[in-house]
Structures are given as structure tokens and as C-alpha cells.
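Only one structure is covered here, and it is reproduced in the block below.
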Amino acid sequence: MCEKCGRHIEEGEYKCESCREKRISIDFSRSCVYYDDISSSIVKKFKYSNRRDMGLFISAIMYEKMLTEAEYADIDFITYIPFSYFKRHNRYYNHSALLAENISELSGIPLCRDIISQRLISIPQAKLSDSMRIKRPQMFKRGKNKIKAGKILLIDDVLTTGRTISDASSAIKKFNEVQKVCALTFAC
């Protein structure tokens, strides 16, 4: 497992290629499960079928993972990947925000909203190839709120190329006074 982003790597390696080449700008990240047929089905029902109840199940698993990693100690705030205007109107809810709300409630760590916002992106990430995800422009801009924190936890559902959490982490540090951004995703 990559010591920085938590993705599966070959035995004897310490960092994945993306982390070695500094394509991922995140201080630490872990995922709870590998993205396979079962986890894919869970995530798709949660995101696209208005199954908010699946969020409680996913959040509980993520919270348990959070308790097992020393890097998640001393988190000041929890935040999430924001939605663009159009995505917000095409889905029932922001799934990352719902996961973050649940984890905030379970952990007692305050939830911080709107510290970054998403730029208008016309093509959903899930429809882009890995190479196209890497090439696309920065996704995030300044949010409505600004925070000061030593360490925050960034929540998302799936880590694929790492580009979304990397862009979010960079934007959080650029537009806020945050020293360290750790990410937690359900699957990778």
C-alpha cells in the first residue's frame, strides 16, 4: 500500500507512481475498501439512486477506518468535495457532503462547509478516462468561507486517479490557512 495515498502497489514499493511523481497533492489518504463489483454497486446506488440510507452504512465504515489510522488524530475540521451548480441539480444530494456530515456527527469533529467551491465542469469525472482526468484544468476555486486549521479531513467516496482530492487539497491550502489536508475515501 502506498504510504501516502493508500493505493495498492507492488510489494517492496513505498509510494505509488503518482505520489513518487508528485501528481497527487495530498498529505495523507486512506480508503476503506478496494473498488470492486460489490463496492461499486454500493457507491452507485448511494450516488445515483437516491439511497441516502447507504450513506449511513458507508459513513460507519469510514469512521471505523478513521479510528485505525494515527494520521487522523488531531483533526480540526471535516470537509468534503463540493458539487458544481449543475451537478447539484442533477442529483438528489451531494454524497460527499452527506458522508462528511455523518462522520462529523460520529466523531464529534466540526464540519466546515464551503471552504472551496467547484468550477463549472461540463463532463462528469466518471465519464473521463484516467488520462483525461489528469489533463483537465483545476476543478476548485475559493469558497464562501475561510478557515484556519492545523489539519483537516477531506471526505470523498472513491479515489481513482487521485486528481479530485489532489485539486481539492491544493485549493484548500491556497484559499485557507490550513497546514495539512488528510483525505478519507470509501473505496479506491
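Lys47 meets the conditions (1) within 15 Å of the chain's Cα centre (by Cα); (2) modelled with pLDDT of 95 or more; (3) more than 24 Å from Asn145 (Cβ to Cβ) in every case but one. The failed one is (2). No other residue among Ile26, Ile38 is within 16 Å of the chain's Cα centre (by Cα) and either surrounded by 15 or more Cβ atoms within 10 Å (Cβ to Cβ) or without any contact (Cβ under 8 Å) to a residue 24 or more places away in the chain (or both) apart from Ile26.
Any residue that is under 19 Å from Ser25 (Cα atoms), buried (at least 18 other Cβ atoms within 10 Å of the Cβ), in contact with a helix residue (DSSP H, G or I) (Cβ under 6 Å, 6 or more places away or on another chain) and at pLDDT below 95 - is there at least one of those in region 135-144? For region 135-144, residues under 19 Å from Ser25 (Cα atoms), buried (at least 18 other Cβ atoms within 10 Å of the Cβ), in contact with a helix residue (DSSP H, G or I) (Cβ under 6 Å, 6 or more places away or on another chain) and at pLDDT below 95: present. Flag set for Ile75, criterion: part of a loop (DSSP other than H, G, I, E, B), at pLDDT 95 or above and either surrounded by 13 or more Cβ atoms within 10 Å (Cβ to Cβ) or touching a Leu at 6+ places or on another chain (Cβ under 7 Å) (or both).
Of all residues in region 105-117, those that are in contact (Cβ under 8 Å) with a residue 24 or more places away in the chain have Cβ atoms under 7 Å from Cβ atoms of residues that are of a type in the set (Ser, Thr, Tyr) and buried (at least 18 other Cβ atoms within 10 Å of the Cβ), 6 or more apart or on another chain, in Leu106/Ser59; Leu106/Tyr63; Ser107/Tyr63; Pro110/Ser104; Leu111/Ser104; Cys112/Thr79; Ile115/Thr79.
Out of region 6-23, which residues are in a loop (DSSP other than H, G, I, E, B) and buried (at least 20 other Cβ atoms within 10 Å of the Cβ)? Walk me through it before giving the result.
Within region 6-23, the first condition is being in a loop (DSSP other than H, G, I, E, B), and the residues that meet it are 6-16, 21-23.
Gly6, Arg7, Cys16, listed by residue number.
Checking Tyr93 against (1) within 27 Å of Ile147 (Cβ to Cβ); (2) in a helix (DSSP H, G or I), only one condition comes out false. Which one? Against the list (1) within 27 Å of Ile147 (Cβ to Cβ); (2) in a helix (DSSP H, G or I), Tyr93 comes up short only on (2).
Residues in region 145-162 that are crowded, with 17+ Cβ neighbours inside 10 Å and part of a strand (DSSP E or B): Ala149, Lys151, Ile152, Leu153, Leu154, Ile155, Asp156, Asp157, Val158.
The residue list Ser96, Ser84, Ser107 contains one member that is among the small types (Gly, Ala, Ser) and modelled with pLDDT under 95, which is Ser84. For region 126-182, a residue qualifies if it is without any contact (Cβ under 8 Å) to a residue 12 or more places away in the chain and of a type in the set (A, V, I, L, M, F, W, C), and the qualifying residues are Ala126, Leu128, Met132.
The values are calculated or read from the model by the stated rules, or taken from the named source; none is laboratory data. Not measured: the values here are computed from a predicted model. Glycine also receives a Cβ, built like all others from the backbone with ideal geometry; neighbour counts cover every protein chain displayed.
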